[in-house]
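I have placed the structure first, in the form of structure tokens, so that the comments after it can refer back to it.
Nothing in this text is a laboratory measurement; each read-out follows from the coordinates by a stated rule. Treat the numbers as computed from the prediction; the structure is a model and nothing was measured. Because the Cβ atoms are built from the backbone with ideal geometry, glycine has one as well, and the counts that use them run over all protein chains shown.
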Amino acid sequence: MGRESHKMKALSLLRSRICDPKFIFKPLHDSPDSNYSKLKFMMSSSITEACNNSILLLGPRGSGKSAVLELVVGDLLVEYPDMISVIKLSGLLHSDDNCALKEVARQLCLEHQLQFSKAASFDDNSQFMVAMLKECGLAHKTIVFILDEFDLFAQGKQRLLYSLLDAMQSITSQAVVIGISCRMDADQLLEKRVRSRFSHRKLLFLPPSMEDSKSILEHVMSLPVDSSLPHDYAVEFNRKVQDILADRRFKETFNKYLNFDSSVKHLLRFLFCAVSCMDLQTGFLTCENFETAFSSIMRQPKLECLKNCSILELYILVCMKRLEVKEQTLCNFNSIMKEYKNVHDSFRTSDYYARNVCLKAFEHLINRELICFTDNRGHSSSVEFRPAKLLISSSELHQGLKAYHSCPAILHKLMDREG
Amino acid sequence: MPTIAKRKVAKEALSETTAILPEKTASDVRSDPNSTPCKRKLRSDGPLIMDSPFSSPTKWKSPRQCSSESPNRAVTAKETVANEGEIKSHKSPFKSTQDSFADKPKWNPKDGEQVRTVKEALHVSTAPSTIVCREDEQNMVFEFCKSCVEHNKAGSMYICGCPGTGKSLSMEKVKKLLVDWAKQAGLLQPDVLSVNCTSLANTSDIFSKMLGLNQTQGKKTSASPLQQLQSLYSQKSSSLNMILMVVDELDYLITKDRAVLHDLFTLTTFPFSRCILIGISNAIDLADRFLPRLKSLNCKPIIVTFRAYSKDQILSILKERLRELPYTVFQHQALELCARKVAAASGDMRKALCICRSAIEMLEAEIRESIGLSEISLEEKASPRQNLASDPDHVKQEEFDTVRIDHVALALSKTYRSPVVDTIQSLPHHQQIILCSSMKQFRGAKKDTILGELYRSYTGICKSSMIPPAGILEFSNMCRVLNDQGLIKLGPSREDKLKRVTLNIDETDITFALQGIRFFRNCLQ
């Protein structure tokens, strides 16, 4: 048991690293060109120079905008302990102006230990906010407004945005407004007077390039050599990781995976899956772990469904496909049976089952949602007369048949007939 | 080098000395707004300034006689102390200004205090002491208000202009001028009420705000605030003074039946009305579109248009802000480039100020980078002590003095360039293929398609280039990601395959972004 425990420890260390955004974005701290340093410089200069600023963080979902912002805010709260208060709003929850102002007032009250009254009106709340801004400006305290889902605040009359950005135009207030959005054209959504007051600083969070992704992987997967883990084990582990990275198969899988979505979140999901597949007997990662992770993430549920179908059900699906290709508009159980009989007659197959067995198979397919009825209202007619359609595309059917372990050749021929 | 703190002290010193001056000069200026305020004051204050306890910095050359017609030399006496030599040497921007820049020493961008001062001078929230390039408009408004107050008549005025053209700023100035003038002229001082219509929960709250100022009756009547005002203005009462109402963002008062806007403006037509109404908005034709009835009532508001700033105006405003600093911060061409680009784009002064501050930050970033590099090189050298002594000198010799034209160019491109091209270039491969296939679909007259069709086109491209296509689930995931980023637009539908797809960006952007990759060039043929 003592020998197993360090492997478990390594596994839990790797998993905790992947789930910790601070660790992932740490290597970016050092380069002065990174978004982290730019954001930190902008915010700290606004705080020290007491001038108002507004910044927009743009990037696809999962590219680390909120994570980097949390890091920066955390660092600033440590550096300037009493000079910042943070107000967080979300476009999903607070897109209505009344609601948003109430939330701002509530958070301000919370920060400064004042009494908050739920019955305060819109007017009261906005006057309170302006007064607080003035007070904090006099006390040299900066208020940081973080607006998540910024593009949702830009719907409607944009009153909240206008009042926030307008308050920053006066010399008495000291505030920084940071908007986070995944829409690249978020600032085009603003009205022209709001856009005029916005200071147009944008930080773009682009997904990392292939090399950067590899370096993130290396950074996460390398075990620390001088920790509580046994030295030899850690060194061996790291060597194995380097071998994997140089492996051609791994590179192919990795590239294939990142060709669909190269955001950091996607990459971390892949790593987590792979690390969880690690064999605890050996305690080392292998290339197979990554391939398992790849196939488990890139699932195609309909193909898996097809794998579990019986041969009769496959026949029914192929018949429906043929009907579609022949452009027969009516496709219900009866017409499928007719087609099935045709196929049997022309090819003399051995699989010819009775009608009630086929009906059972048909209902199975309905349950599994590989086909569905097209008439959603009026279940007046019986199952055999209701029109049905395929929910699986022809290419998927093709693929499924190819992957089927004992698919009769006749089905392939029938599918290929249509091309 | 004088810093802000010292300048403030000097301000006080001079204000005491100006008190000794006869009242005439101050009121002279204020009651004669035809001339640019304080323009002529400088010469009369000349001898006074020489006595100031503050001596001018030693590096300045001898002051030159300046022409008195320069419109942007208008500055109050308070600001002149530390800049005494430099004011006289400042020429109008319409003439060549290379000389005036040569007069002032260059700033040291490594000095945090100076950087802070400059940034504060260029910040949007710092109201300049005088507002240049808006004298005509200010005069018009001021004359109008003056005549209303003098004749005890009500009136209305509508100010329109693009954002960032100095409307609210000028109104602040006019308010102050009016109150001071009324005090000077011994008339009843008008009350001033500023309302920003975005802060009103209900459009009719504006009337209660007006009443709030007019706190005459203590008794509660059952009539609405509007009716109270209307009854108030229908009776003669000599005790009321005029109200100057400045209503900002007037278009927020527009309701479906336009009642509030109409009622507000018709309040000025009542026989004993006491309010001078000034509405500010962005729409040029607001008065024509929404207040047609006023013309028949003969009370159409006077319209003052604040046109967008031209390049020269922007340049002169920027120079005015920078003039108060005792050192040159920008190269002349840099400021000109900024002014030209902003004037061509929107004529918005806030943008110009933002870009200048951005350019300063570029310079700061450059300095930080060079410091970082020089530190690295110093460490790497591991040279004996004598070399180390000379190396810092070498670092200092790098001229980081003024903000150059390339800094401004970088700031301009950051502000005006949309991130679309960068985004497309950094998209993963398959998402780029999706964009290409949508472009191919929309080549003809068709401008939208459904997801199923797009999938077919996408698989076609993939198959022709031997790339395994993604399944339909992964494909719709990728389309959703592209929709979130605003590159394509997905319509709602119960079924995934039937969602409508439209391109949200320009096709030329896609072509430009992907032109470097041969695969896409062939694909888009």
(message) Can you list residues from other chains, or at least 5 along the same chain, whose modelled amide H is less than 5 Å from the amide H of B:Met157?
(response) B:Leu277, B:Ile278, B:Gly279, B:Ile302
(request) Note down, for chain A, the three equivalent ellipsoid semi-axes (square root of 5 times each alpha carbon gyration tensor eigenvalue), biggest first, whole angstrom. (result) 56, 34, 18
(request) Could you pull out the pairs from B:Lys104/B:Lys311; B:Lys256/B:Lys489; A:Lys338/A:Lys389; A:Lys9/A:Lys214 whose alpha carbons sit more than 27 Å apart here? (result) B:Lys256/B:Lys489
(message) Is the C-alpha gyration tensor of segment A:31-204 telling us rounded, prolate or oblate? Criteria: a/c under 1.5 is rounded; beyond that, a/b larger than b/c is prolate, otherwise oblate.
(response) oblate
(message) If I build a Gaussian network model for chain A, linking alpha-carbon pairs within less than 10 angstrom, which residue out of A:His364, A:His94, A:His231 has the largest mean-square fluctuation?
(response) A:His364
(request) Give A:Lys157/B:Lys167; A:Lys326/A:Lys402; A:Lys265/B:Lys414; A:Lys40/A:Lys251; B:Lys183/B:Lys319 a once-over and call out the pairs whose C-alpha atoms are over 30 Å from each other. (result) A:Lys40/A:Lys251; B:Lys183/B:Lys319
(request) Count, for each residue of B:472-478, the Cβ atoms from other chains sitting within 10 Å of its Cβ, then give me the mean as a whole number. (result) 3
(request) Give the long-range amide H neighbours of B:Phe330: residues separated by 5 or more places, or on another chain, with amide H under 5 Å away, using H modelled in the peptide plane at 1.01 Å from N. (result) B:Val403
(request) With everything on Cα atoms, drop me the angle between helix A:65-79 and the longest principal axis of chain A, reported from 0 to 90° to the nearest 10. (result) 30
(request) Within 10 Å of each Cβ in peptide A:202-209, how many partner chain Cβ atoms are there on average? Round it to a whole number, please. (result) 3
(request) Grab the DSSP H runs of chain A that are 4 residues or longer, score each as -39,500 (n - 2.57), total them, divide by all residues and round the 222 nm result to the nearest 500 deg cm²/dmol. (result) -17500 deg cm²/dmol
(request) Work out from phi, with θ = phi - 60° and the Karplus expression 6.51 cos²θ - 1.76 cosθ + 1.60, the ³J(HN,Hα) of each residue of segment B:129-135, listed in order in whole Hz, and give x for Gly and Pro. (result) 5, 10, 9, 8, 6, 10, 5
(message) As an exercise, identify the trypsin sites (Lys or Arg not before Pro) in segment B:275-327 lying in DSSP coil whose Cβ has no more than 15 other Cβ atoms within 10 Å.
(response) B:Arg307
(message) Please enumerate, by chain and number, the aspartates and glutamates with C-alpha under 13 Å from the C-alpha of A:Lys7, excluding those fewer than 8 residues away in the same chain.
(response) A:Asp232, A:Glu236, A:Asp279
(request) Would you kindly derive the ³J(HN,Hα) couplings of segment B:338-351 from the backbone phi angles with the Karplus curve 6.51 cos²θ - 1.76 cosθ + 1.60 (θ = phi - 60°), listing them in order in whole Hz, with x for Gly and Pro? (result) 4, 4, 5, 5, 5, 5, 5, 7, 9, x, 9, 5, 4, 4
(message) Can you give me the angle between helix A:35-49 and the longest principal axis of chain A, using Cα atoms only, in degrees from 0 to 90, rounded to the nearest 10?
(response) 20
(request) Evaluate peptide B:157-170: per residue, the Cβ atoms of other protein chains within 10 Å of its Cβ; return the mean as an integer. (result) 1
(message) Whole-Hz ³J(HN,Hα) for each residue in segment B:315-326, computed from phi via Karplus 6.51 cos²θ - 1.76 cosθ + 1.60 with θ = phi - 60°, x for glycine and proline: what do you get?
(response) 4, 5, 5, 4, 5, 4, 5, 7, 5, 6, 7, x
